[in-house]
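The structure appears below as structure tokens.
The values are calculated or read from the model by the stated rules, or taken from the named source; none is laboratory data. A quick note: this is a predicted structure, and the numbers were derived from the prediction, not measured. Positions of Cβ are generated from backbone atoms using ideal geometry, with glycine treated the same way; all protein chains shown enter the neighbour counts. Remember, those area values only see protein heavy atoms, side chains included, never the ligands or the DNA or RNA. Shrake-Rupley method; radii C 1.70, N 1.55, O 1.52, S 1.80 Å.
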Amino acid sequence: MKPYYEDGQAIIYHGDCRDVLPALSGDALVTDPPYGIGWSRATWTDRPEDYPELMRWLVAEAKRGVSGWCFIFQAQLNFGHFHEWFPEGWKVFAACKNFAQVRKTGLWNSWDPVVYWNNGPNSGPNSVTLNRDYHVGNVAGIFREAAEHPSPRPLDTMRYLSAIAVPEGGIVLDPFMGSGTTLVASKALGRRAIGIEIEERYCEIAARRLSQEILPFSREARAGVTA
């Protein structure tokens, strides 16, 4: 399949990941798939009844084509099903937010669970000094920018996860790429990245972001070491 975008460090494929991912392999998986909770703002199919099959397929593909760490964002509403979908020994990384959305609920969701496991031997500490199982991402402003994508992830959190997932030069796979935040973060850190996205408009946004000049970071920032 011909890439939608390629620059030597990042590759984008436009298509259904169920058709594209079986032909790919990488050192790590860092991805934010649909929530499977019938989310009303979704521009993709988010039917809860279809979600278990999607997760089982994704886990099977991760076992086949990923040699190391796998990080999969999830919704808190599905906590009770993680043991049904993910490999034995899975754990939860806490993707925290420095600002929580104000909601008419008893408690506001101020963090998202990221289920993770390792298909191979422990390859850390890839982030040089910090491999904590949580990160507080800066979400200030990203909701105002959601016109480009309805569920943006903070760039600093994706940079932190990419830094943990593989050492510099490793390949990160993101089969639910969205607007390309995982790829932008990985590229900035000297990792290679491959993304798949079913909606062309998001492929175009991701390609635009990747084609912009990457500013040099300090050693600590390149390593994903952030407070």
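List of remarks:
- Approximating the spin labels as points 7 Å out from Cα along Cα→Cβ, the Glu84-to-Leu107 distance works out to 2.3 nm.
- Amide H contacts for Asn119 (H built 1.01 Å from N in the peptide plane; partners 5 or more residues away or on another chain; cut-off under 5 Å): Gly68, Trp69, Cys70.
- Length added when fully stretched, Leu130-Glu148, from 0.36 nm per residue minus Cα-Cα: 3.3 nm
- Where a label projected 7 Å from the Cα of Ala75 along Cα→Cβ would reach, residues of segment 95-113 with amide N under 11 Å: none
- Rounded to the nearest 10 square angstrom, Arg18 shows an accessible area of 130 square angstrom against a 1.4 Å probe.
- Label point distance in nm, Cys96-Gln9, each placed 7 Å from Cα along Cα→Cβ: 3.0 nm
- Note on Lys2: aspartates and glutamates with a C-alpha under 20 Å away, same-chain residues under 8 apart excluded, are Asp16, Asp19, Asp174, Glu197, Glu199, Glu200, Glu204.
- Taken along the Cα-to-beta-carbon direction at a fixed 7 Å, the label points for Asp50 and Glu199 span 1.4 nm.
- Rounded to the nearest 10 square angstrom, Trp90 shows an accessible area of 70 square angstrom against a 1.4 Å probe.
- Taking all protein chains as shown and a probe of 1.4 angstrom, Tyr13 keeps an accessible surface of around 30 Å².
- Among the trypsin sites (Lys or Arg not before Pro) in segment 50-106, those located in a DSSP loop and surrounded by at most 16 other Cβ atoms within 10 Å of their own Cβ are Arg103, Lys104.
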